[in-house]
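Worksheet: one structure, shown below.
The values are calculated or read from the model by the stated rules, or taken from the named source; none is laboratory data. Keep in mind it's a predicted model, so treat the numbers as computed, not measured. Note that we place each Cβ from the backbone using ideal geometry, even for glycine, and neighbour counts take in every protein chain shown. The area values use the complete protein model at the heavy-atom level, side chains included, leaving out ligands, DNA and RNA. Shrake-Rupley method; radii C 1.70, N 1.55, O 1.52, S 1.80 Å.
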Number of protein chains: 2
Amino acid sequence: MSGMDGKRNLLITIRYCGTRYHGFQVQKNAVGVCQVFQDAVEKVLGERHDVKGCSRTDAGVHAGKYCLSMKIDKAIPCDKLVMALNAHLPGDMAVLDARDMPMDFHARYHCRGKEYVYRIHNSRVRDPFSPNLSYRLGYALDADMLHREAQAFVGTHDFAAFQSAGSDVEDTVRTVHSFSVTRQGEMVLLTVSGDGFLYNMVRIMVGTLVFIAMGRIAPGTIPAILESRDRANAGKTMPAHGLFLNDVYY
Amino acid sequence: MSGMDGKRNLLITIRYCGTRYHGFQVQKNAVGVCQVFQDAVEKVLGERHDVKGCSRTDAGVHAGKYCLSMKIDKAIPCDKLVMALNAHLPGDMAVLDARDMPMDFHARYHCRGKEYVYRIHNSRVRDPFSPNLSYRLGYALDADMLHREAQAFVGTHDFAAFQSAGSDVEDTVRTVHSFSVTRQGEMVLLTVSGDGFLYNMVRIMVGTLVFIAMGRIAPGTIPAILESRDRANAGKTMPAHGLFLNDVYY
């Protein structure tokens with residue numbers, strides 16, 4: 001691990017299909033995105049480097065845009081590095097950009113916000129083309145109604161009710177900047193941006209909206225659920241394969 | 001094969017991802033869509049039936065809509081048959097509809113026209129999510145220019161120059177009803193409808209437009225290529241995995 005002594009600090013933007021991976025972080029008994037990326041770096045630069053990811057992501061979650069920082073020594077131009085990494089990465093991962101940053105830049109600590117998209121394939125018939133890129137729900141959704149309900153998430157709130165058990169985060173206050181629900185044909189897209197997200201927070205917010213759509217939670221209840229700080233009052237945690245990390249802000 | 005004596009004649013509409021299949025037709029040493037569909041029918045009805053497809057399709061070609069006709073004896077309601085078949089088909093195939101038709105209906109002979117879409121992912125970076133659902137081309141395409149050029153295909157022409165060798169079709173005159181080229185972000189969609197298509201005709205028409213875009217064939221040349229009836233003057237046959245049979249008309 002020579003990364004600690006590098007003379008350059010790179011911000012690298014990648015995109016990946018999460019289906020085959022157990023999240024970004026290095027895993028002991030499963031393949032993580034980070035490990036596969038480090039393998040490609042090792043092939044290109046002849047050295048293995050530490051990588052700082054912008055976020056942990058769960059198994060099966062996808063990334064349209066994921067940022068990481070990495071310290072290296074080699075003087076390779078950024079565009080050449082992008083091409084070389086793409087030549088060595090598997091087909092379900094791609095490097096979009098690489099750029100030099102100040103030496104103290106850190107992909108996670110300097111992240112100012114993120115945008116996620118949850119894709120619901122709202123159809124009674126399965127999608128035979130890319131079943132792992134959306135969650136299929138046969139119950140007909142009213143995207144406009146869900147959009148109105150979702151506005152209760154916008155703002156600075158204590159999201160303790162929208163966090164899965166097992167997290168050791170103490171401060172559960174987060175700011176959601178926007179939450180939109182739109183329909184594109186059979187696809188319902190739930191897009192949420194914020195300064196940070198608790199463990200499974202996006203998937204539980206979407207699950208709560210789905211429960212509202214299906215009549216299992218009453219419309220207008222989201223403020224009371226937030227107030228309760230009780231996970232049991234929110235909806236289910238939606239499956240990982242509909243979730244995309246879509247943008248990362250610095 | 002009890003299909004010949006059936007008391008009902010069904011028109012069944014399916015959708016499939018062609019990646020795993022060697023086309024629709026039954027193959028000796030490779031898996032065809034038809035065979036997998038017949039397997040599901042056999043599980044549901046307890047009998048294997050002849051199936052008449054609307055079209056041959058090549059290995060790797062997809063279908064957003066594919067029609068077939070099949071004679072059966074059982075009195076099962078159409079909606080129940082759809083659900084039962086979907087429960088027995090693999091995830092990359094789905095039944096959209098089933099309906100009773102006159103006994104002389106034939107999915108291929110009564111087909112009045114078809115629409116195909118060819119998807120070009122116009123990007124220098126690969127698509128890590130669904131690489132088998134489009135053909136990637138790094139060279140920047142001008143969709144408006146290609147749309148104008150493509151209008152030369154519209155109408156009734158002898159398409160002999162746009163047919164792959166190995167076909168034994170004698171009459172190479174076909175009518176193209178419309179041909180549009182549009183851009184949706186990084187995706188360029190080439191949509192063509194017509195009364196019928198020669199072997200590889202859509203893929204060669206698209207390849208000719210791509211050659212025009214890249215300067216390997218001069219703009220305005222399509223009428224002369226049609227006139228020549230010589231395959232050597234047209235562009236390359238585009239790969240199968242960008243092609244979708246999109247609609248079938250009766």
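Treating the Cα atoms of the stretch A:1-109 as identical point scatterers in vacuum, please give the log10 of the normalised Debye intensity I(q)/I(0) at q = 0.12, 0.19, 0.22 Å⁻¹, two decimals.
-0.35, -0.93, -1.27
Tell me which trypsin sites (Lys or Arg not before Pro) from the stretch A:104-156 have a DSSP coil assignment and no more than 11 other beta carbons within 10 Å of their own.
Those that pass, being in a loop and sparsely packed, are A:ARG112.
At 1.4 Å probe radius, can you tell me the per residue accessible area of the protein assembly as shown in Å²? Kindly include the intermediate steps, with their values, before the conclusion.
On the way: 22220 Å² over 500 residues.
It amounts to 44 Å² per residue over the protein assembly as shown.
Ignoring ligands, DNA and RNA, what percent of the 1.4 Å accessible area of chain B is carbon and sulfur?
The computed percentage sits at 50.
Once the Cα gyration tensor of chain B is found, what semi-axes does its equivalent ellipsoid get, as square roots of 5 times the eigenvalues, in whole Å, sorted largest first?
Computed over chain B, the values are 35, 20, 15 Å.
Using +1 on the beta carbon of Lys and Arg, -1 on that of Asp and Glu, and nothing else charged, what's the dipole of chain B about the Cα centre, debye to 20?
Its charge dipole is roughly 460 debye.
Over all directions, the average projected area of the alpha-carbon convex hull for the stretch B:147-250 comes to how many nm²?
Mean shadow area of the hull around the Cα atoms is 6.9 nm².
Quick one: with label points 7 Å out along Cα→Cβ, list the inter-copy distances for A:ARG124 in nm, shortest first?
Here the equivalent label points are 4.8 nm apart from this one.
Could you work out [θ]222 nm for chain A from helices alone, using -39500 (n - 2.57) per DSSP H run of at least four and dividing by all its residues? Round to the nearest 500 deg cm²/dmol.
About -6000 deg cm²/dmol.
Can you list the chymotrypsin sites (Phe, Trp or Tyr not before Pro) in the stretch B:111-179 that are in a DSSP coil and have 15 or fewer other beta carbons within 10 angstrom?
Here the chymotrypsin sites (Phe, Trp or Tyr not before Pro) that fit, given the DSSP loop and packing criteria, are B:TYR139.
Interface A/B, total buried accessible area with a 1.4 Å probe, nearest 100 Å²?
1700 Å²
Taking only C-alpha pairs under 8 Å that are 6+ residues apart, what is the relative contact order of the stretch B:197-250 in percent?
Contact order relative to length: 49 percent.
Counting only protein heavy atoms, probe 1.4 Å: which residues of the stretch A:120-149 lose 50 Å² or more of accessible surface in the full assembly compared with their chain by itself?
Residues losing area: A:VAL125, A:ARG126, A:PRO128, A:PHE129.
Note down the magnitude of the dipole of the stretch A:142-250 about its Cα centre, charges +1 on Lys and Arg C-beta and -1 on Asp and Glu C-beta and zero elsewhere, to the nearest 20 debye.
280 debye
Give, in nm to one decimal, the length gained when the segment between A:ALA75 and A:ARG108 is fully stretched (0.36 nm per residue of separation minus the Cα-Cα distance).
Net length gain for the segment: 9.4 nm.
Along each principal axis of its Cα atoms, how long is the protein assembly as shown end to end? Whole angstroms, biggest number first, please.
74, 58, 40
Counting other Cβ atoms within 10 Å, which trypsin sites (Lys or Arg not before Pro) in the stretch A:32-76 have at most 15 and lie in a DSSP loop?
Counting only loop positions with at most 15 other Cβ atoms within 10 Å, the trypsin sites (Lys or Arg not before Pro) in the stretch A:32-76 are A:ARG48, A:ARG56, A:LYS74.
Roughly how many debye, to the nearest 20, is the charge dipole of the stretch A:112-156 about its Cα centre, given +1 on each Lys and Arg Cβ, -1 on each Asp and Glu Cβ, and no other charges?
Value, rounded to 20: 200 debye.
Can you pull the one-decimal nm distance between simple spin-label points at A:ALA30 and B:MET101, each 7 Å off the Cα toward Cβ?
Output for this residue pair reads 4.7 nm.
Give me the percent relative contact order of the stretch A:29-172, please, defined on Cα pairs under 8 angstrom at least 6 residues apart.
It comes to 16 percent, rounded to a whole number.
Taking the alpha-carbon set of the stretch B:4-51, what are its Rg and Dmax in Å?
Cα only, the stretch B:4-51: 11.7, 35 Å (Rg, Dmax).
Where a Cα-Cα gap under 18 Å defines reach, which lysines qualify for B:LYS114, not counting those fewer than 8 residues away within the same chain?
B:LYS52, B:LYS65
Which percent of the Cα-Cα distances in the stretch A:73-152 go past 23 Å?
56 percent
Contact order normalised by length for chain B, with contacts defined as Cα pairs under 8 Å and 6 or more residues apart; what percent is it?
So the answer I get is 23 percent.
Computed from the mean reciprocal separation of all distinct C-alpha pairs, what Kirkwood hydrodynamic radius does the stretch B:146-200 have, in Å?
Roughly 12.3 Å, rounded to one decimal.
Between the alpha-carbon centers of the stretch A:80-113 and the stretch B:150-225, tell me the distance in whole angstrom.
40 Å
Scan chain B for the residue whose Cβ is closest to the axis carrying it onto chain A, then write down that distance in whole angstrom.
Looking at chain B's Cβ atoms against the axis toward A, the nearest is B:SER130, 2.
How many nm is it between the label spots at A:HIS147 and B:ASP39, if each spot is 7 Å from the Cα in line with the beta carbon?
It works out to 4.4 nm between the two label points.
How far apart, in nm, are the 7 Å Cα→Cβ label points at B:VAL169 and A:ARG20?
3.8 nm
Can you list the distances in nanometres, one decimal and ascending, from the A:ASP158 label point to the identical position in each other copy, with the point 7 Å along Cα to Cβ?
Nearest first, the other copies' label points are 8.3 nm away.
For A:ASN29, place a label point 7 Å out from Cα along the Cα→Cβ vector, do the same in each other copy, and report the separations in nm, one decimal, smallest first.
4.2
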